[in-house]
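Following: one structure in structure tokens, then a few remarks.
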Amino acid sequence: MSPPPLPPRVAVYPGSFDPITRGHEDLVRRAFTFADKVVVAVAVNVAKQPLFTLDERVALIKQAITEPRLEVRAFDGLLAEFARMVGASVIVRGLRAVSDFEYEFQMALMNRNLAPGVETVFLVPAFDLTYLSSSLVREVARFGGDVSQLVHPAVRQALKQKFGR
Ligand code: PNS
């Protein structure tokens with residue numbers, strides 16, 4: 001008799017995604033090397049006033065990554081609760097530089113405390129995307145710089161509209 005099939009491995013990739021960049025897209029692709037399903041979890045309550053509304057951030061992610069095993073959802077409240085609710089066993093976060101480490105380490109420990117069955121996994125982005133962040137993209141776009149290498153064309157278009165350039 002064959003063993004029962006394993007349950008699908010669900011990974012949650014949380015963030016502000018204001019907006020999604022090629023770096024985020026790269027991490028989602030990497031997450032699929034060990035996850036059957038990736039849930040991109042877009043934080044409703046972003047500490048700083050976001051440039052894009054929640055609906056815009058969700059819509060841009062769906063345009064940038066068309067993959068049937070991907071789900072994009074907004075979440076409010078604790079990430080650990082959300083991870084449990086969607087049946088995730090893994091939280092994915094990107095580590096770009098040493099400066100990311102302290103905050104990420106604290107968050108991983110707190111999330112483990114809140115949801116002991118959920119492991120945080122840190123992924124390293126592609127070398128040429130290491131310097132990339134949503135805040136840099138927003139700043140470059142705000143002053144009319146070229147972001148075409150940094151974001152999906154739909155995001156570039158949305159930035160153009162936001163800044164009227
Ligand atoms: O892209 P960001 O802004 O670095 O993402 C941070 C985010 C949204 C993942 C983090 O702030 C978060 O998980 N917020 C939800 C509230 C929560 O669970 N806070 C405790 C984490 S220890």
Exercise. Are any residues in the range 62-90 assigned to a strand (DSSP E or B), open to solvent by 40 Å² or more (accessible area, probe 1.4 Å) and more than 16 Å from the ligand (Cβ to nearest atom), and if so, which ones?
Worked result: E71
For this session: Tell me which residues, restricted to the range 50-59, are over 12 Å from the mean Cα position of the chain (by Cα) and either open to solvent by 80 Å² or more (accessible area, probe 1.4 Å) or touching a residue at least 12 places away in the same chain (Cβ under 8 Å) (or both).
Result: P50, L51, F52, L54, D55, E56
Exercise. Of all residues in the range 31-61, how many are of a type outside the set (D, E, K, R) and not in a loop (DSSP other than H, G, I, E, B)?
Worked result: 12
Exercise. Looking at G117, is it assigned to a loop (DSSP other than H, G, I, E, B) and over 23 Å from F32 (Cβ atoms)?
Worked result: no
For this session: Report, by residue number, each residue of the range 4-19 that is of a type outside the set (D, E), assigned to a loop (DSSP other than H, G, I, E, B) and closer than 26 Å to T53 by Cβ.
Result: S16, F17, P19
Problem set entry | Counted residues, the range 52-61 - those being of a type in the set (F, W, Y) and away from the ligand (no atom under 14 Å from the Cβ) | 0
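Here is a yes/no grid of residues against (1) over 28 Å from Q157 (Cα atoms); (2) touching a strand residue (DSSP E or B) at 6+ places or on another chain (Cβ under 6 Å); (3) modelled with pLDDT of 95 or more; (4) of a type in the set (A, V, I, L, M, F, W, C):
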| site | (1), (2), (3), (4) |
| --- | --- |
| V38 | no, yes, yes, yes |
| T53 | no, no, yes, no |
| A64 | no, no, yes, yes |
| A83 | yes, yes, yes, yes |
Problem set entry | Counted residues, the range 14-49 - those being more than 9 Å from the ligand (Cβ to nearest atom), in contact (Cβ under 8 Å) with a residue 12 or more places away in the chain and of a type in the set (S, T, Y) | 1
Seminar exercise, completed: The correct count of residues that are open to solvent by 20 Å² or more (accessible area, probe 1.4 Å) and among the hydrophobic types (A, V, I, L, M, F, W, C) in the range 10-42 is 2
Problem set entry | Subset of the range 91-114 [near the ligand (Cβ under 10 Å from one of its atoms), of a type outside the set (S, T, N, Q) and not in a strand (DSSP E or B)] | D100, Y103, E104, M107, A108, L109, M110, R112, L114
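The values are calculated or read from the model by the stated rules, or taken from the named source; none is laboratory data. None of the values given here were measured: they were computed from a predicted structure. All Cβ positions, glycine included, derive from the backbone under ideal geometry; neighbour counts span all protein chains shown. These accessible areas exclude ligands, DNA and RNA; they are computed on the full protein's heavy atoms, side chains included. Shrake-Rupley method; radii C 1.70, N 1.55, O 1.52, S 1.80 Å.
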